[in-house]
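Structure record follows, encoded as structure tokens.
All of the numbers you see were taken from the coordinates with simple rules; none came from a lab. What you see is a predicted model; the values in this text were computed from it and never measured. Cβ placement follows ideal geometry from the backbone for every residue including glycine, while neighbour counts extend to all protein chains displayed.
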Ligand SMILES: Nc1nc2c(c(=O)[nH]1)N[C@H]1C(S)=C(S)[C@@H](COP(=O)(O)O)O[C@H]1N2
Ligand SMILES: [Mo]
């Protein structure tokens, strides 16, 4: 990936900075004269344009992430973070082809669910070819298949009081199991999937077998692998250290990692 991903907040701060800088100039000279100077007009309109672009990006949260074609698929979809969860429990699941794997859907739902992989594959499926962007500076294009999270949440009868969805994973990194979360806009987004296939094949272990989240309007670390639980909550306060994700709680990764 060649593009640098700027956190949205920084973009807005930059746009704001340009406007502020231009706004400061009239103090030095006559207001009209200076704001009519072509260079200043350009800076002012650039600032406005950037502000508009940032706001549009923030507000148009339902817009689809770009989808690609088979020809665009990365030859190898690399793996990052955990590549093989440690421990006998996961090894046992690998040995049995994940026949006993369950994804628990709990929290603010009227019908808690315990989904097997067969249940997940029996639901209506969506396939999408999208680009994964990791904050570490690489990206890859892959084709993902699985049910939309919105369908799973509807089946569980998610309550109106749910404001966030928490994702629980089977892999431990150091002191804790990996976890992530998102708000209801991303949870109900049509491209947010419980993906069990990559490029038409059963999901490789390195990419989160047997099922991982695809949350296409967000950066890589939000795409929880090795999913064991989906929990609807009203607040993130009781989750980890309260910032909503494994990395958010440990280093400065932003909870809202929208792209
Ligand atoms: N459970 C779990 N999910 C995870 C991670 C992880 O280490 N454990 N790493 C995250 C990061 S930083 C990225 S970029 C993607 C990598 O997905 P991939 O291994 O399929 O490339 O998974 C994300 N989800
Ligand atoms: Mo990442």
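Sorted on the mean count of surrounding Cβ atoms within 10 Å across their residues, most packed first, peptides 120-129, 208-217, 160-169 read 208-217, 160-169, 120-129. Computed from label points 7 Å out along Cα-Cβ, the spacing between residue 64 and residue 106 is 3.6 nm. Rounded is the label for the range 65-206. Its Cα gyration tensor axes, ordered a ≥ b ≥ c, give a/c under 1.5.
Give the separation of the Cα centroids, the range 81-122 to the range 180-198, in Å. Cα centres, the range 81-122 to the range 180-198: 16 Å. Does the range 142-204 classify as rounded, prolate or oblate by the C-alpha gyration tensor (a ≥ b ≥ c root eigenvalues; a/c under 1.5 gives rounded; else a/b over b/c gives prolate, otherwise oblate)? Oblate. Label positions at residue 256 and residue 118, each projected 7 Å from the Cα along the C-beta direction, are separated by 4.3 nm.
In terms of other Cβ atoms within 10 Å, 116, 235 run from fewest to most in the order 235, 116.
Listed from fewest to most Cβ neighbours within 10 Å, the set 243, 222 follows the order 243, 222.
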